[in-house]
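Here is the structure we will look at, set down as structure tokens.
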Amino acid sequence: MSSSISIIIPTFDVADYIEPCIKSLQAQTFADFDVVIVNDGSTDDSADLARQTTAGDDRFTVIDQENRGPGPGGGRNGGLQHTRSNRLMFMDSDDALDPLALEQLVQAFDREPDLDMATTSAGRLLGGIVRPSHLHDVSHPRAEQSTTAGASPWLMFDSTPWNKVFRREFFDEVVGRWPEQQLYEDIAPMTAAILEAQAIAVLTERHYLWRVRGAGSITNAQTNIRGDLAQLDQLAVARSKVIRSNKDELLQWFDWKSITQDLLWMTRKLMAIPREGRAQLHSAIRVALQQVDPALVAATLPAVRRCHQAILDQPHNRSTRQVVQRRVSLLQDRRTPEQALASGFHHITLRRQKQDVDGVTFSVSSRTMDLRRAKLRVSASPPWAPFPPEHLATLPAQRSLRNIASFRINVSDVVPVSFDDQDIEQYYIEIVDHAGVSTEITRSIADAVRRRVFPTATASVGPLTVFVDDGRVRLAVGTPTPTIESARVLGDSLLISGTHRSHADAADHFAAALTPTRPDERVDIPVTTTGNGRFCLELPSNALALLSTEPTWISLLSPANPAIATPFGVAASLRIDRGPSSQALRIESGLFGEAALMLESTSSSRARTLTNELRSYLPAVGRE
């Protein structure tokens, strides 16, 4: 029996993640699909869990094979002969899909029957909370019914295989079979697919949920350089394909992605890996940088540029010192290569901020821009987008000197009357000087260290919240619901109360959970609701035992898709004293407005944590 789309999921030792992955497929609004789960020689009970979860659902097939890794290429190849559709998709077994993903991807093919592929944006799945994937924000800046790499060169950032649906004939012709026993085997085939496709649909919604995992994940290994060397090798193969396309703009975008994304992570890693591997990785990064146009390397952010220049010119021990000194400033570059080459870099830092029910007031400073008569601009589209931005508001400074300025954003400036507070929107903030030069606001190093050692509780007292995302200041509009308003200790339990509004997932089922990063650590919590829009949930002692000084999220479970949770909001940050012998609890609003529960740490313990973190980098800068 044929289907509209076939999905192949290679599986190796993912017992903690395979069930939510499968259930996210079973929760799709589009049902005409088939799934081949390839057990690639797992040593845990991944395959048994897959069979149990899919029992009675004939859309799913589980097959077993001997391990053909490292890398998922062998598992993907093992599923090709079992598919039933002329459209093909690949998923990783620790990830998940938004419920609308397949419906909208298939609709893209219905609108344009001659598509070679459709690609959708992605979000990072952290526990049950979805965060942005900046890599895919850049590669999917606007929706396209049909485009090509030449018309949309930013697709050079889109090197991941699992956020795409391929026409089977196109896949067989351009990719055929995945390289096996190869890490980062997807970089070169996906680059070739983007280059060769004559019709690509682009979806900007974050339909694919890319899970953030610990050290066990290939993409998160912190001390082993085998994956980095493999990635550099595959980047070189992919780059040769771009060169053969004879399109300078595509090569420029490919190289910009390499130095601002791939090589950036490896540069950061130099200070954490053992000394015996540092010289080897340093040499490999140098070879990659030598292939790139020097003007492009020089156009990156100052800290990144200095570190890369040190790698090019100095031995690994000296360049690693540069990395350690500038590690806080090694941020992803949000500009397009054209913007970086044309305007250079301008720096504005956030000095302080204050929120109230009517809006947000904050001050900024700059050493590179004249802030007299400066203006603040709030935009719905990112400053790096390759098309004219959509500005919501342009506001004059309340006070402006050459190097310092203060601004006020009122709720009425950015929140329309019809705004539904339940849907949180995130906007971009830029400062524009009197000459018309604009740049985003970044967090100062002093502010980052101060908040790390002496964190302050920020109350979500209004619908506007200023937060920091990867060093850049953003504006969030809206308040998550349900909203936590109070908490108290009752015996060994914690009672949390607040208000809720009608929610699609809560119509017949209202249940919450603590959702740490690992799904197997989730603790379900019953919720009592009343007719006047209030709720109360009780966290028992076994749930509180999970807590540490790192955030654990309180989320509303979806009965339709357990891979995704809706975060609770916080009306005001709360501190709950549990007595002289126990650490106090805190409920605070996270970076994106979600409620985070954690144990309170003292200023001395925070300083000790920061000192230990810094000490962990000392071997990288010690005597060689």
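On the given criteria, is residue 193 of a type in the set (A, V, I, L, M) and either in contact with a Pro (Cβ under 6 Å, 6 or more places away or on another chain) or buried (at least 20 other Cβ atoms within 10 Å of the Cβ) (or both)? Taking the combined requirement at face value, the residue satisfies it.
Per-residue answers, yes or no, for (1) crowded, with 21+ Cβ neighbours inside 10 Å; (2) free of Cβ contacts under 8 Å to residues at least 12 places away in the same chain; (3) within 21 Å of residue 28 (Cα to Cα):
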site: 74; (1), (2), (3): yes, no, no
site: 80; (1), (2), (3): no, no, no
site: 88; (1), (2), (3): yes, no, yes
site: 120; (1), (2), (3): yes, no, yes
site: 166; (1), (2), (3): yes, no, yes
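For the stretch 355-398, a residue qualifies if it is basic (Lys, Arg) and buried (at least 17 other Cβ atoms within 10 Å of the Cβ), and the qualifying residues are 375, 377. The set of residues from the stretch 155-202 being at pLDDT 95 or above, more than 22 Å from residue 138 (Cβ to Cβ) and of a type in the set (Asp, Glu) comprises 169, 172, 173. Of everything in the stretch 20-64 that's polar (S, T, N, Q) and in a loop (DSSP other than H, G, I, E, B), which residue is farthest from residue 88 (Cα to Cα)? Among residues in the stretch 20-64 that are polar (S, T, N, Q) and in a loop (DSSP other than H, G, I, E, B), the one farthest from residue 88 (Cα to Cα) is 43. Residues in the stretch 353-380 that are more than 20 Å from residue 427 (Cβ to Cβ) and without any contact (Cβ under 8 Å) to a residue 24 or more places away in the chain: 368 only. Of all residues in the stretch 388-410, those that are outside any loop (DSSP other than H, G, I, E, B) have Cβ atoms under 6 Å from Cβ atoms of residues that are of a type in the set (Val, Ile, Thr), 6 or more apart or on another chain, in 392/378; 392/414; 393/378; 393/414; 405/364; 408/361; 409/360.
Within the stretch 130-151, one or more residues are in contact with a Gly (Cβ under 8 Å, 6 or more places away or on another chain) and either among the hydrophobic types (A, V, I, L, M, F, W, C) or on the phi > 0 side of the Ramachandran plot (or both). Of all the criteria given as (1) in contact (Cβ under 8 Å) with a residue 40 or more places away in the chain; (2) acidic (Asp, Glu); (3) out of contact with any strand residue (DSSP E or B) (no Cβ under 9 Å at 6 or more places or on another chain); (4) outside any helix (DSSP H, G or I), the one not satisfied by residue 103 is (4).
The values are calculated or read from the model by the stated rules, or taken from the named source; none is laboratory data. Because the structure is a prediction, the values reported are computed rather than measured. Heads up, the Cβs are rebuilt from the backbone with ideal geometry, glycines too, and the neighbour counts pull from every protein chain shown.
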